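Trainee: Shown below is the structure under consideration.
The values are calculated or read from the model by the stated rules, or taken from the named source; none is laboratory data. This structure is a prediction, so every number in the text was calculated from the model and none was measured. For neighbour counting, all protein chains shown are included, and Cβ atoms are generated from backbone atoms with ideal geometry for every residue, glycine included.
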Amino acid sequence: HSVGIIGAPFSKGQPRDGVEKGPDLIRSAGLVEKLRAQGCAVKDYGNVTFEEVANDEPIGNVKRPRAVGSANQRLSAAVHAVKNDGHTCVMLGGDHSLAIGSIQGHAAAKKDLSVVWVDAHADINTPLTSPTGNIHGQPMSYLIHELHSKIPVLPNFSWIKPCVSAKDIVYIGLRDVDPEEHHILTLLGIKGYSMTEVDRLGISKVMEETCDYIFSKVKKPIHLSYDIDALDPSISPATGTPVVGGLTYREGVYITEHICQTGMLSAMDMVEVNPKRGRTEDEISSTVNAAVDLIRGCFGKLREGNHPADYKMP
Ligand code: DIR
Ligand code: MN
Ligand code: MN
Ligand code: MN
């Protein structure tokens, strides 16, 4: 695997401080070294820098639209460049509003994508349905063709072009979906495996069905958007909006192993790791280590063990 890493230390898609520390914390846990040790070629592109936006007053109830729009435009260009260099892109967030730029930049390089969204939340509120006004609960709505007519004009958002079809999305891990979001998911017939389906089918069947579904016509490149709050808060408590009853560590890793073996992973996001939400050092390290392991699972780490193809026993 050839991996390009981009950090996006950005938190203004939601109200809690600390999530901007995610990228450097995940690197400090040895991400690059561990990926290299498992045989990946890794280029770290460093962190995207974001402009300070003054007077970023809400538009309707949408909070900090100018900062979020501008940050995502920069991220989009950075992801596009990593894809043009031929790497699988790993975007380290930051909050989940960054999926706007990550998916947009990915789509600019690879026009037909499928999106696998692993999250407790659907993040598909429109600016008009959002109960909180936080853009990290809205990124999918800006990206889906079928919702384009429902998106009002926002400052610094005019560069965004919808680039994903409702039929090319699969959700896994849902357990905190707003009524307005549930309506959108139903209306558009979006495929999803809530925690109820994970309980009913087991994670192996969920992944088998997910891949049958996204590969039913052509094998499109996969964008995996992984919100660390998909995992149960007993494993990843250091996140802004933890929800009980989440994926186990093993279910979370299984998703990455299965996506890896499709050979179609083209870009991924690892978002919402927030050290300031951990109450102890152990809570923080458990969350960060889980994020690292999920990324490693995407790039060939197997729990059964690995050895290099050219290994010679001494
Ligand atoms: C809620 C919470 N649905 C919202 N979303 C979160 O703000 O739209 N997403 N926490 O990660
Ligand atoms: Mn999310
Ligand atoms: Mn291009
Ligand atoms: Mn979430």
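Trainee: Does residue 193 meet the test of being free of Cβ contacts under 8 Å to residues at least 24 places away in the same chain, within 29 Å of residue 104 (Cβ to Cβ), touching a strand residue (DSSP E or B) at 6+ places or on another chain (Cβ under 8 Å) and surrounded by 18 or more Cβ atoms within 10 Å (Cβ to Cβ)?
Mentor: Yes, satisfied.
Trainee: Among the candidates 245, 278, 252, 263, single out the residue that is surrounded by fewer than 23 Cβ atoms within 10 Å (Cβ to Cβ) and under 20 Å from residue 193 (Cα atoms).
Mentor: 245
Trainee: Looking at segment 197-218, is at least one residue in contact with a Gly (Cβ under 8 Å, 6 or more places away or on another chain), more than 13 Å from ligand 4 (Cβ to nearest atom) and among the β-branched types (Val, Ile, Thr)?
Mentor: Checked segment 197-218: at least one residue is in contact with a Gly (Cβ under 8 Å, 6 or more places away or on another chain), more than 13 Å from ligand 4 (Cβ to nearest atom) and among the β-branched types (Val, Ile, Thr).
Trainee: Could you tell me whether residue 245 is at pLDDT 95 or above and either within 17 Å of residue 5 (Cβ to Cβ) or in a helix (DSSP H, G or I) (or both)?
Mentor: no
Trainee: Suppose we keep only residues that are among the β-branched types (Val, Ile, Thr) and more than 16 Å from ligand 4 (Cβ to nearest atom) within segment 104-144. Which one would you say is nearest to residue 19 (Cα to Cα)?
Mentor: The selected residue is 126.
Trainee: In segment 112-159, what residues are within 19 Å of residue 11 (Cα to Cα), surrounded by 17 or more Cβ atoms within 10 Å (Cβ to Cβ) and away from ligand 2 (no atom under 16 Å from the Cβ)?
Mentor: 127, 154, 156, 157, listed by residue number.
Trainee: Do we find that residue 191 is more than 19 Å from the chain's Cα centre (by Cα) and at pLDDT 95 or above in this structure?
Mentor: The answer is no for residue 191.
Trainee: Determine which member of the set 128, 174, 201 is away from ligand 3 (no atom under 16 Å from the Cβ) and farther than 20 Å from residue 96 by Cβ.
Mentor: Exactly one of 128, 174, 201 is away from ligand 3 (no atom under 16 Å from the Cβ) and farther than 20 Å from residue 96 by Cβ, namely 201.
Trainee: Another question, if that's okay. Give 229, 176 a once-over and let me know the one that is at pLDDT 95 or above, assigned to a loop (DSSP other than H, G, I, E, B) and not hydroxyl-bearing (Ser, Thr, Tyr).
Mentor: Being at pLDDT 95 or above, assigned to a loop (DSSP other than H, G, I, E, B) and not hydroxyl-bearing (Ser, Thr, Tyr) holds for just one of 229, 176, which is 176.
Trainee: Could I ask something else about it? For residue 121, are the conditions met, namely being under 30 Å from residue 28 (Cα atoms) and in contact with a helix residue (DSSP H, G or I) (Cβ under 8 Å, 6 or more places away or on another chain)?
Mentor: yes
For (1) under 30 Å from residue 133 (Cα atoms); (2) buried (at least 20 other Cβ atoms within 10 Å of the Cβ), each residue gets a yes or a no:
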site	(1), (2)
7	yes, yes
47	yes, no
84	no, no
97	yes, yes
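Trainee: Could you list, ordered by first residue, the pairs with Cβ atoms under 6 Å in which the first is in segment 203-219 and buried (at least 20 other Cβ atoms within 10 Å of the Cβ) and the second is among the acidic types (Asp, Glu), at least 6 apart or interchain?
Mentor: Cβ pairs passing all conditions: 203/251.
Trainee: Determine whether residue 288 is crowded, with 22+ Cβ neighbours inside 10 Å and assigned to a loop (DSSP other than H, G, I, E, B).
Mentor: no
Trainee: Now for a separate question. Can you name the condition, by its number, that residue 37 falls short on among (1) of a type in the set (A, V, I, L, M); (2) over 15 Å from residue 97 (Cβ atoms); (3) surrounded by 18 or more Cβ atoms within 10 Å (Cβ to Cβ)?
Mentor: Of everything listed in (1) of a type in the set (A, V, I, L, M); (2) over 15 Å from residue 97 (Cβ atoms); (3) surrounded by 18 or more Cβ atoms within 10 Å (Cβ to Cβ), residue 37 misses just condition (3).
Trainee: Going through 305, 252 one at a time, which residue ends up being of a type in the set (Gly, Ala, Ser) and under 16 Å from the mean Cα position of the chain (by Cα)?
Mentor: 252
Trainee: Now, a different point. Do any residues in segment 116-130 that are in contact (Cβ under 8 Å) with a residue 60 or more places away in the chain have Cβ atoms under 6 Å from those of residues that are of a type in the set (D, E, K, R), where the two are at least six apart or on different chains, and which pairs are they?
Mentor: 119/227; 120/175; 120/176; 120/229; 121/176; 122/181; 124/181
Trainee: Among the listed residues 83, 111, identify the single one that is of a type in the set (Lys, Arg), in contact with a strand residue (DSSP E or B) (Cβ under 7 Å, 6 or more places away or on another chain), within 16 Å of ligand 3 (Cβ to nearest atom) and in contact (Cβ under 8 Å) with a residue 24 or more places away in the chain.
Mentor: Only one candidate qualifies: 83.
Trainee: Being at pLDDT 95 or above and either among the polar types (S, T, N, Q) or part of a helix (DSSP H, G or I) (or both) narrows it down to one of 21, 12, so name that one.
Mentor: 21
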